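The values are calculated or read from the model by the stated rules, or taken from the named source; none is laboratory data. This is a predicted model, so every value here is computed, not measured. Heads up, the Cβs are rebuilt from the backbone with ideal geometry, glycines too, and the neighbour counts pull from every protein chain shown. Accessible surface areas use protein heavy atoms only, side chains included; no ligands, DNA or RNA. Shrake-Rupley method; radii C 1.70, N 1.55, O 1.52, S 1.80 Å.
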Amino acid sequence: MTGSAEFSGVRQPEFDTMTGRHTQAAGRIEQLAESLYGELRGAGLDTAPALRLRELADRVGKQAEDLRRRQALIREMEQQKISFGTSTTAGSFLEMPDGLDAAQGLLDGTLAARLARGAADGDAKALAQLRKYADRAADPEFAGVFLKKLGAKGVTELPGTLAARIRDAAKRGESARVNDLSTQGKQTLRLLSTALAAGTDPKNTAYVGAGFLKELTEQGRADHVVGDVTYAGYQAQALVWGAHDGKTPFSATFMQTVGGDAVAYEKEQYKDRWAASQDALGKAVGGSQVPLFDLAATLGLGSLLRPGAGTATGSGKWVKPVKAAVVEDLLHAAEYGKEASQALLSHTPAGWKEPVLDHLLTARLGAFDYTGGYGSFSTVLLAGTTGQDATSKKLAAELTKSLADQVRGAFGKAGDGNLEVTDRAVLDRLAPLRYPLARAVAANIDQVSNLLLNHATFGRADATDLSYALALATRDDAGFEALMRAQTEHMKAALDSMPPVGLDSSNLKQLGFTKADLKTFDFDEDGRIGKADVGQFLVDNIVGEARPFSHIVEIRRQALIAEGLDDKKVSEALQTMVRDTVGLIPVPGAKQVGELATGAFGSLLTNQYDKATGAGYDTAAKWVAGQVSKKGLNLDETYQSLADNRLATERLAEQMIATAMLNKGMLDEVDLKGQPFTTGTPPTIKPFAEMSPAEYSQFLTWVHENGRGKDLHDRFRGTFRITSEVDDYLNLHIPSSSGGSK
């Protein structure tokens, strides 16, 4: 036997002999162990030697079993002419992978590739037999061999053959055959897709190398012929991408190499006709931005080759075409992973000056409108722009700037000074992108404050760009909720950053603060954080947080007015946030210096809640809201007066301010005796969910009277009601009667 790092060479006769002798030896050793055990036990001696001999028999038996499996694989590989011989001076050897899984993968991958090539040549039996390998597609040992044996040309041409055969059966009215081919075709495409994702990922052991990726692009750009059908390779490869289920995500390398080139290819082929559709003549005849369709859509096959979709009708008639394009299929494959999404969006193809994201948002946007394929694009945008990494932030800034530039011309100033729509077509075209834009801004909510308060920039976007982007994003109800939740969390974090009353040099380390922190927050410079210091900090931060809230809510109101809707429209999501008390009210007195408050929800603040908090604001808020609803909420009457988003936001701020005052010890020494919103002895504040509307109102009055609650809330409200910045950035003149601000 000879060997290398991955393969061992064996001479077939000697290997068979070795396998047989191992099997015989295992049996003889086992018999010897049994005999020895009986003799030792009968003589009253230690039986350990017999037990060790039995262990040896077991090891030899396992080795024999391994050799028999290898022997069977070698014989089948030799029969299938898969392994190949090597002649040396020591004799002729057969190459055999060292690992059994690798050997089985070599066998199955090779056989599956042969069947796939046969199916590509029109062999119906081969197509049917290929289905039995569907469960092995994600296996690295299988996928790598399968792709290498099939080749980039086979990956490209097999979908072409599938599509052509279904079209032929449909033309002949053979509905049963159409359905059979559709089922087999979908399974084959899913196998190809899973194997392709694994084999083109450098991090996967199935990786077949950069050369294969290059061949995919060459085959993608080449013309292929099957029967009377001529198609571009990418049109067929797109069927493989469209069949992806995400269980083995496509890699960033694939998206940059193949995906980026496919986008560039479509642009090269369709640039002139897209331009013609937008000139005066093109618009006059209703020109549309028709994209490069995938092969199924080109042949009018509808959903017949799209996994998860239906099959042909019983009559065998043509199904309604699905307008699936190459780029839409690519985005479907990318949407399952953040790395893939970001790699595609941020990639700049050779010869381009802008990344793929800019192209998709501008030159190609009309094609999305034609196909209705915004779904995967939206998902890719969400995956690529809502993280906290540098790439997410860069893409979010580019998304904000690009959509702001486009939507700017769709708005103007109405005769009454409010916002009005001046180009409905632009708004309609951009409408599907409102939610991903809102989520991208929400993920970077700190930039809203930074742009408004510090006159900074977010990438190339400034405060004016942000304002127009918000005019688009806040029109989406779910997007508006995401922005409000993010800004709420931003305000909670800002108010929580202040040290508590009682911090001084003696307990800095205990409370997790530094001397620099003490110096920063000790406004009266007496060496201790007192109520005056906390009060000044709260004023500064409340005013600072009110401005982003004002900007988001007023632009939302203006967007509704511009759409001709009631500017008093209630946001149910925002009311729910207020009703469920996003600002969890702690128990005064529980947070002495060096201790943490247990919180008004008591037992609700469990390890589960802590885990939810660690996962992010939305998760925690929804979890707490669910717990509150189980206990029964009886404060609905309190919120019946919330006529619009302004009042709801002010109530939300009121709750957060009260929470901050209690958390920071501003009310620790205030007597709770006799208060109707307390329970127990000594008295503690009731859980919010157990308060009646009257008790909640009395609680807020108590906070106002015993601290600076009313003053702080008035400072928030005064800043929040000012809309002059929205006037300036959107070039409006908001009437004081409706704005309540001037």
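For segment 403-418, state whether one or more residues are of a type in the set (A, V, I, L, M, F, W, C), open to solvent by less than 50 Å² (accessible area, probe 1.4 Å) and within 22 Å of residue 327 (Cα to Cα). Spell out the reasoning first.
Taking segment 403-418 as the starting set, the residues that turn out to be of a type in the set (A, V, I, L, M, F, W, C) are 403-404, 407, 410-411, 414.
From what's left, open to solvent by less than 50 Å² (accessible area, probe 1.4 Å): 403-404, 407, 410-411, 414.
Those left that are additionally within 22 Å of residue 327 (Cα to Cα): 403.
The answer is yes; a qualifying residue exists.
Given (1) open to solvent by 10 Å² or more (accessible area, probe 1.4 Å); (2) in a helix (DSSP H, G or I); (3) not charged (D, E, K, R), where does residue 202 come up short, assuming only one miss?
All conditions are met except number (2).
List the number of the failed condition for residue 553; all other conditions in (1) over 20 Å from residue 709 (Cα atoms); (2) β-branched (Val, Ile, Thr); (3) surrounded by fewer than 17 Cβ atoms within 10 Å (Cβ to Cβ) hold.
Against the list (1) over 20 Å from residue 709 (Cα atoms); (2) β-branched (Val, Ile, Thr); (3) surrounded by fewer than 17 Cβ atoms within 10 Å (Cβ to Cβ), residue 553 comes up short only on (3).
Would segment 467-489 turn up any residue that is modelled with pLDDT under 90, over 30 Å from residue 407 (Cα atoms) and in a helix (DSSP H, G or I)?
No, every residue in segment 467-489 fails to be modelled with pLDDT under 90, over 30 Å from residue 407 (Cα atoms) and in a helix (DSSP H, G or I).
Within segment 375-392, count every residue that is part of a helix (DSSP H, G or I) and crowded, with 19+ Cβ neighbours inside 10 Å.
Going through segment 375-392, the residues part of a helix (DSSP H, G or I) turn out to be 375-385, 390-392.
If we keep only those that are crowded, with 19+ Cβ neighbours inside 10 Å as well, we get 376-378, 380-381, 383-385, 392.
The number of residues fulfilling the criteria is 9.
Read through the list (1) within 29 Å of residue 323 (Cβ to Cβ); (2) at pLDDT below 95; (3) open to solvent by 20 Å² or more (accessible area, probe 1.4 Å), then give the number of the only condition that residue 365 fails.
All conditions are met except number (3).
Would you check if there is a residue in segment 334-345 being over 13 Å from residue 163 (Cβ atoms) and either at pLDDT below 90 or touching a strand residue (DSSP E or B) at 6+ places or on another chain (Cβ under 9 Å) (or both)?
If we filter segment 334-345 for residues that are over 13 Å from residue 163 (Cβ atoms), which is where we start, we get 334-345.
Going one step further and asking which of them are either at pLDDT below 90 or touching a strand residue (DSSP E or B) at 6+ places or on another chain (Cβ under 9 Å) (or both), we end up with none.
No; the residues of segment 334-345 include none that is over 13 Å from residue 163 (Cβ atoms) and either at pLDDT below 90 or touching a strand residue (DSSP E or B) at 6+ places or on another chain (Cβ under 9 Å) (or both).
For segment 670-693, name all the residues that are open to solvent by 60 Å² or more (accessible area, probe 1.4 Å) and over 40 Å from the mean Cα position of the chain (by Cα). Let's see the steps before the verdict.
Let us first name the residues in segment 670-693 that are open to solvent by 60 Å² or more (accessible area, probe 1.4 Å), namely 671, 673-674, 679, 681-682, 690.
Hits for segment 670-693 are 671, 673, 674, 679, 681, 682.
Tell me yes or no: at least one residue of segment 434-446 is over 30 Å from residue 515 (Cβ atoms) and over 22 Å from the mean Cα position of the chain (by Cα).
The initial filter retains those residues of segment 434-446 that are over 30 Å from residue 515 (Cβ atoms), namely 434-445.
When the remaining residues are screened for being over 22 Å from the mean Cα position of the chain (by Cα), the result is none.
Within segment 434-446 (the criterion being over 30 Å from residue 515 (Cβ atoms) and over 22 Å from the mean Cα position of the chain (by Cα)), the answer is no, since none of the residues qualifies.
Just to check your reading of the model, which residue among 534, 578 is under 17 Å from residue 658 (Cα atoms), assigned to a helix (DSSP H, G or I) and at pLDDT below 85? Outline the logic, then answer.
On the way: 534 fails: at pLDDT below 85.
Going through 534, 578 in turn, the sole match is 578.
Within segment 469-481, count every residue that is surrounded by fewer than 24 Cβ atoms within 10 Å (Cβ to Cβ) and farther than 10 Å from residue 434 by Cβ.
1
Could you figure out which of (1) at pLDDT below 95; (2) in contact with a strand residue (DSSP E or B) (Cβ under 8 Å, 6 or more places away or on another chain) isn't true of residue 222?
Every condition holds for residue 222 apart from (1).
Let's see how each residue does on (1) on the phi < 0 side of the Ramachandran plot; (2) in contact (Cβ under 8 Å) with a residue 60 or more places away in the chain:
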site	(1), (2)
665	no, yes
672	yes, yes
676	yes, no
686	yes, yes
697	yes, no
712	yes, yes
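Matching residues to (1) closer than 19 Å to residue 459 by Cα; (2) of a type in the set (Asp, Glu); (3) in contact (Cβ under 8 Å) with a residue 40 or more places away in the chain:
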site	(1), (2), (3)
401	yes, no, yes
404	yes, no, yes
410	no, no, no
420	no, yes, yes
427	no, no, yes
430	no, no, yes
433	no, no, yes
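Considering only residues that are of a type in the set (Ser, Thr, Tyr) and either in a helix (DSSP H, G or I) or touching a His at 6+ places or on another chain (Cβ under 6 Å) (or both), which ones fall in segment 322-350? Talk me through it step by step, then tell me what you get.
Filtering segment 322-350 for residues of a type in the set (Ser, Thr, Tyr) gives 336, 341, 346, 348.
Once the filter is applied, which keeps residues that are of a type in the set (Ser, Thr, Tyr) and either in a helix (DSSP H, G or I) or touching a His at 6+ places or on another chain (Cβ under 6 Å) (or both), segment 322-350 yields 341, 346.
Return the total of residues in segment 512-522 being aliphatic (A, V, I, L, M) and buried (at least 16 other Cβ atoms within 10 Å of the Cβ). Reasoning before the result, please.
Applying the first criterion (aliphatic (A, V, I, L, M)) to segment 512-522 yields 516, 518.
In the following step, the residues that additionally are buried (at least 16 other Cβ atoms within 10 Å of the Cβ) were identified as 518.
So the answer is 1.
Does residue 371 satisfy the condition of being in contact with a strand residue (DSSP E or B) (Cβ under 9 Å, 6 or more places away or on another chain) and either touching a residue at least 40 places away in the same chain (Cβ under 8 Å) or open to solvent by 30 Å² or more (accessible area, probe 1.4 Å) (or both)?
On the way: in contact with a strand residue (DSSP E or B) (Cβ under 9 Å, 6 or more places away or on another chain): yes; either touching a residue at least 40 places away in the same chain (Cβ under 8 Å) or open to solvent by 30 Å² or more (accessible area, probe 1.4 Å) (or both): yes.
Yes: the conditions hold for residue 371.
Given (1) buried (at least 17 other Cβ atoms within 10 Å of the Cβ); (2) assigned to a loop (DSSP other than H, G, I, E, B); (3) of a type in the set (Asp, Glu), where does residue 358 come up short, assuming only one miss?
Exception for residue 358: condition (2).
Restrict the check to segment 527-548 and report whether at least one residue is touching a residue at least 40 places away in the same chain (Cβ under 8 Å), in contact with a Gly (Cβ under 7 Å, 6 or more places away or on another chain) and within 28 Å of residue 664 (Cα to Cα).
No, every residue in segment 527-548 fails to be touching a residue at least 40 places away in the same chain (Cβ under 8 Å), in contact with a Gly (Cβ under 7 Å, 6 or more places away or on another chain) and within 28 Å of residue 664 (Cα to Cα).
For segment 493-511: of the residues being in contact (Cβ under 8 Å) with a residue 40 or more places away in the chain and assigned to a helix (DSSP H, G or I), which is most open to solvent (accessible area, probe 1.4 Å)?
Per the criteria, the residue is 510.
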